[in-house]
Amino acid sequence: MQITVVQGNILEVEAQAIVNAANSLGIMGGGVARVIKRAAGIGVEQEAVKQAPIPVGTAVLTSGGKTRFAGIIHAPTMPRPAMTIDPQNVAKATKAALLLADERGFTSLAIPGMGTGVGGVAHAEAAALMVQAIKAFEPNSLRSVILVDVDTVMVEAWRKSL
């Protein structure tokens with residue numbers, strides 16, 4: 001599986017689906033979630049909330065809303081909004097997103113930095129956990145994972161982990 005690192009906006013990458021580093025309630029309040037909601041429309045948050053609670057280590061799929069993406073995968077790193085998390089939640093959320101993307105037949109998936117905002121996980125640790133989860137994953141349909149973030153520290157951490 002090809003892993004690409006990109007500095008930029010997740011909404012501008014070429015992928016079939018994107019990941020929202022979510023909370024278990026499906027509320028898209030801050031960080032990347034707010035950026036995605038602004039572009040996709042409130043309906044995407046409503047779709048996610050209807051599927052809540054979404055336990056950490058699982059993920060749900062919503063439409064892409066007003067974006068060009070076929071779907072948005074909501075993979076919680078935290079039970080409630082704005083919580084400090086255990087770094088292992090990053091690995092669990094990454095694996096859950098990969099599993100759901102693969103099950104749904106997506107060939108390409110864009111993933112932002114997970115858990116490094118309000119979650120409080122150090123960029124280097126989050127990057128290492130994400131890369132480890134991606135490399136350990138054995139896909140059926142998924143061929144490409146794009147790690148994308150506006151944060152240069154996150155991008156450099158992924159590059160070092162790879």
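The values are calculated or read from the model by the stated rules, or taken from the named source; none is laboratory data. Predicted model, so just to flag it, every value in this text is computed and none were measured. Here the Cβ is made from the backbone with ideal geometry for all residues, glycine too, and neighbour counts use every protein chain on show.
Points worth noting:
- The set of residues in segment 24-52 being touching a residue at least 60 places away in the same chain (Cβ under 8 Å) and either in contact with a helix residue (DSSP H, G or I) (Cβ under 8 Å, 6 or more places away or on another chain) or over 22 Å from Ile85 (Cα atoms) (or both) consists of Val32 alone.
- Within segment 20-36, considering residues that are within 21 Å of Leu147 (Cβ to Cβ), surrounded by fewer than 24 Cβ atoms within 10 Å (Cβ to Cβ) and of a type outside the set (A, V, I, L, M), the one modelled with the highest pLDDT: Arg34
- Condition check for Pro87 on (1) in contact with a Pro (Cβ under 9 Å, 6 or more places away or on another chain); (2) closer than 21 Å to Val131 by Cβ: one failure, at (1).
- In the condition set (1) at pLDDT below 95; (2) under 12 Å from the mean Cα position of the chain (by Cα), Pro76 is compliant with all but (1).
- Count - residues of segment 110-138 that are under 21 Å from Ala70 (Cβ atoms) and surrounded by fewer than 18 Cβ atoms within 10 Å (Cβ to Cβ): 1
- Of the set (1) surrounded by 19 or more Cβ atoms within 10 Å (Cβ to Cβ); (2) touching a helix residue (DSSP H, G or I) at 6+ places or on another chain (Cβ under 6 Å), all apply to Ile85 but (2).
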